[in-house]
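The values are calculated or read from the model by the stated rules, or taken from the named source; none is laboratory data. All values derive from a computational prediction rather than experimental measurement. When we count neighbours, we look across all protein chains shown, and the Cβ atoms used for this are built from the backbone with ideal geometry, even at glycine.
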Amino acid sequence: MVGIIMGSLSDLKVMQEAVDVLKEFGIAYEIDIVSAHRTPEKMVEYGKTARARGLKAIVAGAGGAAHLPGMIASLTTLPVIGVPVKSSNSIDGWDSVLSILQMPSGVPVATVALNGAKNAGLLAVQIVGTFDENVANQLADYKESLKQKVAEMSLEAQKTVA
């Protein structure tokens, strides 16, 4: 139901967090290495066939020049969530952030923080939740659990300072 792609196997360390979120919510996913620069034909095929394969959103992670999310967005009408990855060939991650963030008008890519694959996964879950009531209910429970965690941290902080 959600596609997770990345430019290199080295990105998997970051993108695993998106996989983990989708697993937590019981959302089906596919995962693949799709390099915008080294396998452009595969990238075009992936983007053009994503909807027909039943995908509802795509999470695309890339480091360095980070063209993958934008190029995929140009090939599909599905929402694309870009994850800038701080990679070994990166300029402290800023090149990736700006490459994904600064898309031209008409080709939007939702962009999360550097190495923010967990939030990308959660955004994909929210997209799926717009048409799947079960997922929407799970999200409501998840957000309620976040409130509970903050309440517990608040009590812990008060005990520590007292």
- Query: Out of (1) surrounded by fewer than 15 Cβ atoms within 10 Å (Cβ to Cβ); (2) farther than 26 Å from Gly106 by Cβ, what's the single condition that is false for Thr77?
  - Reply: (2)
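State yes or no: is Tyr29 without any contact (Cβ under 8 Å) to a residue 40 or more places away in the chain, over 16 Å from Thr111 (Cα atoms) and either touching a Pro at 6+ places or on another chain (Cβ under 6 Å) or of a type in the set (Phe, Trp, Tyr) (or both)?
On the way: without any contact (Cβ under 8 Å) to a residue 40 or more places away in the chain: yes; over 16 Å from Thr111 (Cα atoms): yes; either touching a Pro at 6+ places or on another chain (Cβ under 6 Å) or of a type in the set (Phe, Trp, Tyr) (or both): yes.
Criteria met by Tyr29.
Yes or no, residue by residue, for (1) out of contact with any Pro (no Cβ under 7 Å at 6 or more places or on another chain); (2) hydroxyl-bearing (Ser, Thr, Tyr):
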| position | (1), (2) |
| --- | --- |
| Gly70 | yes, no |
| Val80 | no, no |
| Val83 | yes, no |
| Ser99 | yes, yes |
| Gly129 | yes, no |
| Gln138 | yes, no |
| Ala151 | yes, no |
| Thr160 | yes, yes |
- Message: Suppose we filter region 1-18 for residues that are in contact with a Gly (Cβ under 7 Å, 6 or more places away or on another chain) and aliphatic (A, V, I, L, M); how many remain?
- Response: 5
- Task: Tell me which residues, restricted to region 102-156, are among the basic types (Lys, Arg) and closer than 22 Å to Val59 by Cα.
- Result: Lys118, Lys143
- Query: Does region 110-130 include one or more residues that are buried (at least 18 other Cβ atoms within 10 Å of the Cβ), without any contact (Cβ under 8 Å) to a residue 12 or more places away in the chain, more than 14 Å from Leu68 (Cβ to Cβ) and in contact with a helix residue (DSSP H, G or I) (Cβ under 6 Å, 6 or more places away or on another chain)?
  - Reply: yes
- Message: If I ask for residues that are over 26 Å from Glu24 (Cβ atoms) and surrounded by 10 or more Cβ atoms within 10 Å (Cβ to Cβ), which ones from region 141-162 would you list?
- Response: Ala157
- Task: Give me a count of the residues in region 1-17 that are closer than 18 Å to Ser88 by Cβ, surrounded by fewer than 22 Cβ atoms within 10 Å (Cβ to Cβ), charged (D, E, K, R) and in contact (Cβ under 8 Å) with a residue 60 or more places away in the chain.
- Result: 0
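Among Ser88, Ser74, which is the only one that is modelled with pLDDT under 95 and among the hydroxyl-bearing types (Ser, Thr, Tyr)? Outline the logic, then answer.
Details: Ser74 fails: modelled with pLDDT under 95.
Ser88 is the lone residue from the list that is modelled with pLDDT under 95 and among the hydroxyl-bearing types (Ser, Thr, Tyr).
Listed here are the residues, each with its yes/no results for (1) surrounded by fewer than 19 Cβ atoms within 10 Å (Cβ to Cβ); (2) modelled with pLDDT of 95 or more; (3) assigned by TED's automatic domain parsing to the domain that holds Gln138.
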residue: Val19; (1), (2), (3): yes, yes, no
residue: Glu30; (1), (2), (3): yes, yes, no
residue: Met43; (1), (2), (3): no, yes, no
residue: Ala57; (1), (2), (3): no, yes, no
residue: Gly64; (1), (2), (3): no, no, no
residue: Gly70; (1), (2), (3): no, yes, no
